[in-house]
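Everything on this sheet refers to the single structure shown next.
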Number of protein chains: 4
Amino acid sequence: MSLAESGTGVEQPGRGRPRSEAVERAIIEGTMKLLEEGVPLGEVSIERIARTAGVGKATIYRRWSGKEELFVDVLRAAEPADPELPGTSLRDDLIVLLESVRRRGLATRSSAILHNVRAQMKSSPRIWAAYHNTVVEPRRRIGLEVVRRGQENGELRTDLDRELLYDIFVGPMLVRAVLHPDSDLAEGLAERMVDALLAGLRPVSSPETRH
Amino acid sequence: MSLAESGTGVEQPGRGRPRSEAVERAIIEGTMKLLEEGVPLGEVSIERIARTAGVGKATIYRRWSGKEELFVDVLRAAEPADPELPGTSLRDDLIVLLESVRRRGLATRSSAILHNVRAQMKSSPRIWAAYHNTVVEPRRRIGLEVVRRGQENGELRTDLDRELLYDIFVGPMLVRAVLHPDSDLAEGLAERMVDALLAGLRPVSSPETRH
Amino acid sequence: MSLAESGTGVEQPGRGRPRSEAVERAIIEGTMKLLEEGVPLGEVSIERIARTAGVGKATIYRRWSGKEELFVDVLRAAEPADPELPGTSLRDDLIVLLESVRRRGLATRSSAILHNVRAQMKSSPRIWAAYHNTVVEPRRRIGLEVVRRGQENGELRTDLDRELLYDIFVGPMLVRAVLHPDSDLAEGLAERMVDALLAGLRPVSSPETRH
Amino acid sequence: MSLAESGTGVEQPGRGRPRSEAVERAIIEGTMKLLEEGVPLGEVSIERIARTAGVGKATIYRRWSGKEELFVDVLRAAEPADPELPGTSLRDDLIVLLESVRRRGLATRSSAILHNVRAQMKSSPRIWAAYHNTVVEPRRRIGLEVVRRGQENGELRTDLDRELLYDIFVGPMLVRAVLHPDSDLAEGLAERMVDALLAGLRPVSSPETRH
DNA sequence: GCCTAACCGAGACGGTACGTCACGTCTTTTA
DNA sequence: TAAAAGACGTGACGTACCGTCTCGGTTAGGC
């Protein structure tokens with residue numbers, strides 16, 4: 001479901017020729033093709049996307065109100081799926097979580113431009129909000145849930161609020177992956193980080209540390 | 001010294017009318033004025049900057065090769081000064097460091113656009129590198145030095161490399177300040193963070209791990 | 001019968017849903033409505049006509065192959081009927097003829113746009129030919145017949161060919177009515193013109209050249 | 001002097017780079033080239049003119065506010081010069097006058113499109129007025145002067161107003177040349193017309209008809 | 001006190017992209 | 001099968017900026 005559609009609500013189906021889903025895919029894939037080919041972001045114009053996708057400009061504007069809202073959907077289509085959490089322990093869940101952040105940093109680096117597209121989106125509060133709500137926030141919610149379970153199971157201090165704990169766990173990796181994408185993202189980094197962080201965040205007088 | 005000048009090397013001074021420094025200031029301040037007035041970043045064109053500053057377009061191009069390089073200098077002029085470190089203890093230094101990150105997040109929120117300018121710059125690797133080298137990297141260097149002193153003084157585990165430790169300290173606050181600028185940046189946050197993090201990162205053989 | 005139909009030949013009547021004549025009228029009247037409302041000719045698009053007439057675009061294209069051919073029929077519907085000739089004398093016939101030209105000039109001025117539609121049509125030779133054949137030429141034929149009768153009855157010189165005589169009679173009024181529609185088209189003008197022209201065009205051997 | 005300039009009055013000379021006259025010529029000649037090549041009038045877009053003239057669109061819009069006003073200047077550049085009147089007699093002057101109308105009809109036919117451009121211009125009252133004032137009206141003034149001299153010299157009835165006489169002389173030829181450009185415009189036509197018309201328009205009791 | 005080179009403002013220039021609109025064609029559903 | 005509705009590829013519209021290039025007019029040395 002595109003940003004535009006989500007804003008305008010449901011459309012009654014019957015009237016007139018329906019919009020082609022194939023066209024929608026062609027536009028998003030055409031945009032990706034340009035980005036993957038290394039076309040500088042500033043040269044990825046609606047006009048050029050239309051040419052690449054073999055589509056009229058109006059067909060794009062019928063679906064998205066501008067380049068930025070199109071990019072939200074392009075990014076959404078390019079984002080890797082959220083990871084399956086093992087649920088065996090706080091440590092295991094955190095490692096999987098940070099691993100996915102790390103891999104996203106790597107993937108971003110390989111097709112380096114997607115990274116910039118994400119950065120670009122912050123130019124418009126409206127667009128950033130759309131991306132934040134549909135991609136960033138759900139992910140954060142998953143992490144907060146992991147923290148909550150950790151506190152419930154006695155694996156984590158309860159005198160710090162969940163938000164703070166979440167940022168402490170994810171922040172270091174996120175900074176590397178997103179803000180310094182050219183930094184070291186070696187394998188095993190997630191495990192080392194989690195262990196270093198957990199060392200001081202377990203309950204003070206924890207009877208059973210569970211492993 | 002502007003990015004352009006730094007790239008093109010020294011200019012012999014004598015020949016012809018020298019460039020006016022007043023004009024240079026007018027351009028940078030005109031750009032800031034536009035950004036502070038809430039003009040959307042996409043509408044801050046060279047043409048408009050020239051109009052606002054009462055300056056010919058060519059006068060801008062004579063100094064910077066494009067909008068992005070101009071923005072580097074605008075940002076540099078707007079960045080708050082790096083904080084003075086007390087040097088009394090690792091904990092004190094880290095708190096001052098994180099406080100400055102926090103305040104930068106607050107400042108950014110108030111004049112919200114500078115934030116986006118910074119984001120925008122990631123679109124061009126060349127520009128991002130310039131900003132990174134002259135603003136981001138020096139700051140990181142200061143932080144790494146703090147970490148190094150902490151390890152030397154026996155206030156910090158030495159089995160983790162400095163880069164990792166630095167990211168662990170700064171990452172959580174940076175994520176809040178830069179990636180989620182609408183998140184909670186309450187006063188005292190820096191202190192709480194530093195304490196929570198130091199808890200597990202003091203040397204193992206330290207007599208009192210938690211004061 | 002529309003231009004399109006006349007070109008495509010007879011349609012077999014039986015097959016499927018028959019075309020609605022009401023729709024045909026709605027289209028032509030919708031077009032006139034737009035023109036009478038003073039919509040600039042350039043803004044009278046097929047799309048707008050369809051909207052005004054409450055009709056699908058395809059329904060228009062099913063009947064006419066373009067805006068110009070539609071205009072031929074619109075104009076044809078708007079043209080006033082040819083006048084009844086008294087036949088009592090050459091002078092009387094000519095006056096009636098010129099009067100109708102004059103009145104057409106006046107009508108044109110009041111709903112000034114029809115005039116421009118006619119002008120517009122000259123842009124396409126094909127369209128102009130269609131209009132010429134079905135509207136202009138029949139009228140000319142009537143006038144030539146008047147001239148012929150005048151020569152036969154001895155009211156007109158026979159040493160000048162009919163075409164020339166016709167143009168001499170109609171030209172002056174036509175120029176005023178069509179080319180200079182803001183010129184003087186006072187009542188009685190037709191009579192004065194005919195008299196002035198007939199003065200030198202009666203047969204030479206006529207006993208009384210001027211009554 | 002272009003239509004636009006004539007409307008905006010004098011421009012102060014000094015400020016900024018002056019407009020290139022060569023560019024102005026290139027645009028007008030490019031437009032003519034397209035018309036002469038037989039490009040249908042509807043396909044002569046500003047975009048295409050710009051491409052043909054090797055010029056940016058903005059450069060055209062800087063001088064003319066639209067296609068129609070450009071066409072006024074194109075037409076003005078294409079119009080043949082007004083003829084030199086011999087002044088030896090009314091008959092001679094009229095023949096020269098009608099000859100120029102006839103030749104204009106012929107020229108128009110050869111490069112048939114200019115004719116349509118003129119027709120097209122009637123679509124906009126404003127444009128037509130501009131063309132009328134700078135091309136049509138001056139010509140009419142010359143003709144009226146010929147008529148005036150004819151009456152003064154006793155070569156023409158004085159009981160008919162000059163406007164009427166002028167239309168009677170020029171109308172027949174104009175109708176052929178402009179409204180029916182595919183009609184017969186044989187050589188000698190002007191002479192025959194003038195003689196036929198003068199026959200009845202000389203003063204009634206003229207003592208000396210001056211041959 | 002000139003000379004001259006580079007500066008400065010203004011704005012024209014060839015381009016390119018913008019977002020809108022109309023073109024004429026093509027699916028849809030409904031009647 | 002016609003009809004209304006409206007999506008579709010195409011391409012022109014008029015505007016705004018891009019970065020470059022003249023213009024006339026400063027503004028500094030160096031002579």
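The values are calculated or read from the model by the stated rules, or taken from the named source; none is laboratory data. These figures come from a predicted structure and were not determined experimentally. Don't worry about glycine lacking a Cβ; one is built from the backbone with ideal geometry, like all the others, and counts go over all protein chains shown.
Looking at C:Asp167, C:Asp184, C:Asp161, can you tell me which residue is without any contact (Cβ under 8 Å) to a residue 24 or more places away in the chain, more than 21 Å from the chain's Cα centre (by Cα) and assigned by TED's automatic domain parsing to the domain that holds C:Ile95?
It is C:Asp161.
Would it be correct to say that C:Val74 is under 23 Å from A:Arg17 (Cα atoms) and of a type outside the set (D, E, K, R)?
no
So which of C:Arg102, C:Arg149, C:Arg63 is under 22 Å from D:Met173 (Cα atoms) and surrounded by 15 or more Cβ atoms within 10 Å (Cβ to Cβ)?
Going through C:Arg102, C:Arg149, C:Arg63 in turn, the sole match is C:Arg102.
I'd like to know if region D:21-33 contains one or more residues that are within 14 Å of chain C (Cβ to nearest Cβ) and either surrounded by 13 or more Cβ atoms within 10 Å (Cβ to Cβ) or more than 8 Å from DNA strand F (Cβ to nearest atom) (or both).
no
Answer yes if at least one residue in region D:78-96 is more than 21 Å from the chain's Cα centre (by Cα), within 15 Å of DNA strand E (Cβ to nearest atom) and at pLDDT below 95, and no otherwise.
Looking through region D:78-96, none of the residues is more than 21 Å from the chain's Cα centre (by Cα), within 15 Å of DNA strand E (Cβ to nearest atom) and at pLDDT below 95.
Working carefully through the options A:Glu84, A:Glu79, find the one that is among the acidic types (Asp, Glu) and without any contact (Cβ under 8 Å) to a residue 24 or more places away in the chain.
None of the other options fit; the residue is A:Glu84.
Go through A:Gly56, A:Gly87, A:Gly38 for me and flag whichever is out of contact with any His (no Cβ under 6 Å at 6 or more places or on another chain) and in the same structural domain as A:Arg176 (by TED's automatic domain parsing).
A:Gly87
Mind counting the residues in region D:157-172 that are exposed (fewer than 15 other Cβ atoms within 10 Å of the Cβ) and part of a helix (DSSP H, G or I)?
Of the residues in that region, 0 qualify.
If you take the residues in region C:52-77 that are among the small types (Gly, Ala, Ser) and more than 12 Å from the chain's Cα centre (by Cα), which one is farthest from C:Ile127 (Cα to Cα)?
C:Gly54
Restricting the search to region B:190-204, which residues are within 8 Å of chain A (Cβ to nearest Cβ) and in a helix (DSSP H, G or I)?
B:Arg192, B:Met193, B:Ala196, B:Leu197, B:Leu198, listed by residue number.
Only one residue in D:Asp92, D:Asp184 is facing chain C (nearest Cβ under 9 Å), surrounded by fewer than 16 Cβ atoms within 10 Å (Cβ to Cβ) and charged (D, E, K, R), so which one is that?
Residue meeting the stated conditions: D:Asp184.
I need the full set of residues from region B:14-38 which are at positive phi and away from DNA strand E (no atom under 13 Å from the Cβ), in order please.
Passing the criteria: only B:Gly38.
Provide a single number: the residues in region D:60-101 that are within 13 Å of DNA strand F (Cβ to nearest atom), under 15 Å from D:Glu24 (Cα atoms) and part of a helix (DSSP H, G or I).
Residues flagged as within 13 Å of DNA strand F (Cβ to nearest atom), under 15 Å from D:Glu24 (Cα atoms) and part of a helix (DSSP H, G or I) within region D:60-101 amount to 8.
Among the residues of region A:38-59, count how many are assigned to a helix (DSSP H, G or I) and more than 8 Å from DNA strand F (Cβ to nearest atom).
Here the count works out to 8.
Quick check on region A:127-149. Is at least one of its residues touching a residue at least 24 places away in the same chain (Cβ under 8 Å), under 26 Å from B:Leu41 (Cβ atoms) and touching a Gly at 6+ places or on another chain (Cβ under 8 Å)?
Taking every residue of region A:127-149 in turn, none turns out to be touching a residue at least 24 places away in the same chain (Cβ under 8 Å), under 26 Å from B:Leu41 (Cβ atoms) and touching a Gly at 6+ places or on another chain (Cβ under 8 Å).
Which residue is nearest to A:Leu85 (Cα to Cα), if the candidates are limited to region A:111-156 and must be outside any helix (DSSP H, G or I) and at the interface with another protein chain (Cβ under 8 Å from one of its Cβ atoms)?
If we take residues in region A:111-156 being outside any helix (DSSP H, G or I) and at the interface with another protein chain (Cβ under 8 Å from one of its Cβ atoms), then A:Lys122 is nearest to A:Leu85 (Cα to Cα).
Does region C:53-71 hold any residues that are farther than 22 Å from A:Arg17 by Cβ and either among the acidic types (Asp, Glu) or more than 10 Å from DNA strand E (Cβ to nearest atom) (or both), and which are they?
Within region C:53-71, C:Glu68, C:Glu69, C:Phe71 qualify.
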